[in-house]
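Reviewing the structure listed below.
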Amino acid sequence: MADDDDLLTRARRLTEPGAAPDPGLAARLAGRADLPAVREAGRILAAADPRLLFPPGHEPRPLRVALVPSFTADQLAAPLRIALLAAGFAPEFHITAPDRQLLLLGGAVDGLDAFGADLTLCPAHEEVLLPRDVDPGDAAALRAAVEERWERFAAAVTAYAARTAGAVLLATVPLPAAALRRIVSHRGRAALARLWRELNLRILDLAERTDRVDVLDLETLLAEHPGPLRDARLHAFAQMAWAPGVEHRYAAEVAGYARALTGRGRKCLVLDLDNTLWGGVLGDDGPENIEIGPLYPGNAYAAVQRTALALRRQGVLLAVASKNDPDLVARVLDEHPELLLRASDFVAIEAGWGAKDDSIRRIAEQLNIGLDAMVFADDSAFECDLVRHALPEVTVIHLAGDPAGHAAALLAEGGFDALTTTDTDKERTGLYRARAQRHRFSAEQPSPEDYLHGLGLRVTLRAADDYTLPRIVQLGGRTNQFNLTGRCHPEDATRRMAHSPDHALLAFEVADRFGDEGIVGALWIARHPDHWVLENAVMSCRVFARGVEHAVLGAVADAARAAGAHRLEADFRATPRNGPAARFLDEAGFAPAAPGASGTARRSLALDPGPRTTAPWITTTVTAPALADSREGHRIP
């Protein structure tokens, strides 16, 4: 209780004039089990400047969240605020009346559409789809009533998704046990349960066939939730369909989705070794006596490795930060017969006797990713507290207690959530290991120019197709540093642009002597008779400093000139993180022109003579007819 009081005091302090930043507070609150204290802190922090909850120099991402529930959900805003702050957002909420969900989604005049939500949440309870007064013993009437209500619900969601530019997040609808027990026949209960599962499948399917709609499978997520779905007294008194514990679980899942939506999912899992990947202490017990294998507790540590391996196969980078003899670590990872993870599964191994926060910093620098993209997992409370205080941007998972729960703890935060995974994600570990080879090659060269010429860089521009579109959308959402506007085009808009004769939607790939980087960038181009507009351009940070962006711009400039255009224009919006994109425009010769659309600044580049910079060490191949003037394989030396 004293600790909760301290957290509330820290929250109140942030509402005072001249308050000092408290960057660790939101993460501490998000991990608290005292739900009333978290709820109270969420209410208090509504009056605080959200920037005070982030380290100096780190700006939270604004997120406009519309909450359109079918039940009273006023209390839900507080845990949502805490979860979103902890995930790196500065949320602004618009909450609608509980009895108007379908009317507002369907288009009733209200402030919902004018709010312009980035994310609309539509939590629904069973009474939206299951009438109170239907005869529970009449299976045919029950099915007909549910079908009719489902059609209304689906039509309203579809109508709203067509109007909004943001994402719409639905959730499957848990069925309270009392609704089943109203039916005394076991076969009747089974029929209702089957009907309800069919209904939730329809909700899940709605995301597959409706642009901008995604679904949380809340019904499944609550299967292991320790508390009740509903507080009967709160439901009777205030029509609150979810108990506080369910609201907090939902808030945490929404925060994970918001990270995925905006490309802020964590990219790297940094693992301790002793009593984390295996049981025991390597230096004391010796390689032959560490606990890993088919029997407890070795099987619990095997489950941790299996979970980490599953993450690695979906694009999460794995690294090690361990206080251990590096030669002994290398030997175990190479020789131990029970290990599921080998050295080749890790992009960096920091084994030694230095502080772990320093190890994590070095890993971040080596991978060229931000600390806010990293998760650190360790069994030591001391090491976890050290990293929390030294590196508040890093998500810390304390693997405390019985190792049987450690594998689940790695996934509990949802920090690695992504909207989709692509072939490039699956190869990410190999891509980053190749980066290390490039780094060693660079150190052997007498000059940067020799290094660049020696790489044998090849850039290929392709028109978007069904295979590359998911990666293009993903890059638009995830890329923060080289992103002209700091925003992403919605998936449906990107798909329309791919088929529009007035646009060119392009992906570009990079390869060199060390391997294929895959699709690392994309351009959204509007084509006009006398000028072309870069509505956005994004590029992965892993190919920075090689001239790739200038080679791509040169190909676009040549194509625009050949099509009769006199200039290239680019929309630019400054963000706290897209300095590299701004420098690129300056280096290429783009000059300020006029205000652009949606708060951007328009910049212009005359095509005579064209871009200032070139990349003579790069061979560029164009296989996009829109750029190659219908000549496949146009090569630019």
Seminar exercise, completed: With 0.36 nm assigned to each residue of separation and the Cα-Cα distance removed, A223 to D586 gains 125.3 nm
Exercise. Rounded, prolate or oblate: which fits segment 404-474, taking a ≥ b ≥ c as square roots of the Cα gyration tensor eigenvalues, rounded meaning a/c under 1.5, else prolate when a/b beats b/c?
Worked result: oblate
Exercise. If Lys and Arg each add +1 and Asp and Glu each add -1, what is the summed charge of the other residues whose beta carbon sits under 13 Å from the beta carbon of A493?
Worked result: 0
Exercise. For labels at A412 and H566 in the simple 7 Å Cα→Cβ model, what's the distance in nm?
Worked result: 6.5 nm
Exercise. What chymotrypsin sites (Phe, Trp or Tyr not before Pro) does segment 198-250 have in DSSP loop regions with at most 14 other beta carbons within 10 Å?
Worked result: none
Problem set entry | Cα centroid separation - segment 553-591 against segment 337-414, whole Å | 39 Å
For this session: Could you list the chymotrypsin sites (Phe, Trp or Tyr not before Pro) in segment 346-396 that lie in coil according to DSSP, counting only those with at most 14 other Cβ atoms within 10 Å of their Cβ?
Result: W353
Seminar exercise, completed: Checked against the structure, the computed Cα Rg over 2.2 N^0.38 Å among (i) 1.31; (ii) 1.04; (iii) 1.47 is the one labelled (ii)
Problem set entry | chymotrypsin sites (Phe, Trp or Tyr not before Pro) restricted to segment 531-632 and DSSP loop, no more than 16 other C-beta within 10 Å | F544
Problem set entry | Nearby lysines by direct alpha-carbon distance to K356 (threshold 23 angstrom, same-chain neighbours under 8 apart not counted) | K267, K323
For this session: Can you send over the solvent-accessible area of K267, 1.4 Å probe, protein chains only, in Å² to the nearest 10?
Result: 70 Å²
Problem set entry | Overall form of segment 387-430 per C-alpha gyration tensor (a/c, 1.5; a/b vs b/c) | oblate
For this session: Please list the non-local residues whose amide H lies under 5 Å from the amide H of V134, H modeled 1.01 Å from N, same-chain partners needing a gap of 5 or more.
Result: none
For this session: Excluding V520 itself, calculate the net charge of residues whose Cβ lies under 9 Å from the Cβ of V520, where each Lys or Arg counts +1 and each Asp or Glu counts -1.
Result: -1
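The values are calculated or read from the model by the stated rules, or taken from the named source; none is laboratory data. The shown structure was predicted, so the numbers you read here are calculated from the model rather than taken from an experiment. In this analysis, Cβ positions are derived from the backbone assuming ideal geometry, glycine residues included, and neighbour counts consider all displayed protein chains. Areas reflect the complete protein model, heavy atoms only, side chains present, ligands, DNA and RNA absent. Shrake-Rupley method; radii C 1.70, N 1.55, O 1.52, S 1.80 Å.
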